[in-house]
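Asker: Can you keep this structure in mind? I'll have questions shortly.
The values are calculated or read from the model by the stated rules, or taken from the named source; none is laboratory data. All values reported here derive from a predicted model rather than from experimental measurement. Every residue, glycine as well, gets a Cβ built from its backbone with ideal geometry; the counts of neighbours run over all protein chains shown.
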Amino acid sequence: MGQVNGCVISRRTALGAAVAGAAVAGLAGCGEAEWYPADMTPDEYVLRSVIREKERMVVRYETAIAEGSGPAELLEQLLGHHLTHMDALVESLPADASPSPPADLAAGEGTAPPEAPDAVTDTAGLRLLESAATSARLDQAGAVSDPGLAQLITGIGACEAGHAYLLARA
């Protein structure tokens, strides 16, 4: 390629130095990136996400019961389970956290009314939603670092799997 101060620099050496420099510059900022709001831990972010999902499910069950979309006794029992889950999730929030989400989280997907007008509220639809929630709980439990919180989320998912089974039999 050429000489610099009596030294010969090959193209490979120049290219290698450029790539190494770019890599160092690119990796310098990687340790500071946060995917969650700064005032909330990743565990709290996942926890609040599960709480929002539960709120939506409660609204669906309340609508199904009001519309008479299935066996009322079973739907009321499953609604009771979801309310118990929500209580346990809210109790798992950090002691210094408010029960309502921070403004930046509330600006996300949880601010709209929990239910769209065309929401599924029949027994078959609720069964599908329970099945989907079960699989989501596995990912959510894997995303938290607190073993107790992972166990709570997994237990809720197991209960939702039972709900899907009971709804399939109804």
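Asker: Considering (1) modelled with pLDDT under 95; (2) assigned by TED's automatic domain parsing to the domain that holds Ala143; (3) surrounded by fewer than 16 Cβ atoms within 10 Å (Cβ to Cβ); (4) of a type outside the set (Asp, Glu), say which one Leu105 fails and leave the rest.
Answerer: So the condition that Leu105 fails would be (3).
Asker: With (1) surrounded by fewer than 16 Cβ atoms within 10 Å (Cβ to Cβ); (2) of a type in the set (A, V, I, L, M, F, W, C); (3) closer than 23 Å to Glu44 by Cα; (4) modelled with pLDDT under 95 as the list, and Ala97 as the residue in question, which single condition is left unmet?
Answerer: In the conditions (1) surrounded by fewer than 16 Cβ atoms within 10 Å (Cβ to Cβ); (2) of a type in the set (A, V, I, L, M, F, W, C); (3) closer than 23 Å to Glu44 by Cα; (4) modelled with pLDDT under 95, Ala97 misses (1) alone.
So that you can scan it fast, the table gives a plain yes or no per residue for (1) modelled with pLDDT of 95 or more; (2) buried (at least 16 other Cβ atoms within 10 Å of the Cβ); (3) within 13 Å of the chain's Cα centre (by Cα); (4) not acidic (Asp, Glu):
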{"residue": "Asp39", "(1), (2), (3), (4)": "no, no, no, no"}
{"residue": "Pro42", "(1), (2), (3), (4)": "no, no, yes, yes"}
{"residue": "Arg52", "(1), (2), (3), (4)": "yes, yes, yes, yes"}
{"residue": "Ser69", "(1), (2), (3), (4)": "no, yes, no, yes"}
{"residue": "Leu79", "(1), (2), (3), (4)": "yes, yes, no, yes"}
{"residue": "Thr84", "(1), (2), (3), (4)": "yes, no, no, yes"}
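Asker: Out of the residues in segment 123-151 that are buried (at least 21 other Cβ atoms within 10 Å of the Cβ) and under 26 Å from Ile65 (Cβ atoms), state the one that is farthest from the chain's Cα centre (by Cα).
Answerer: Leu126
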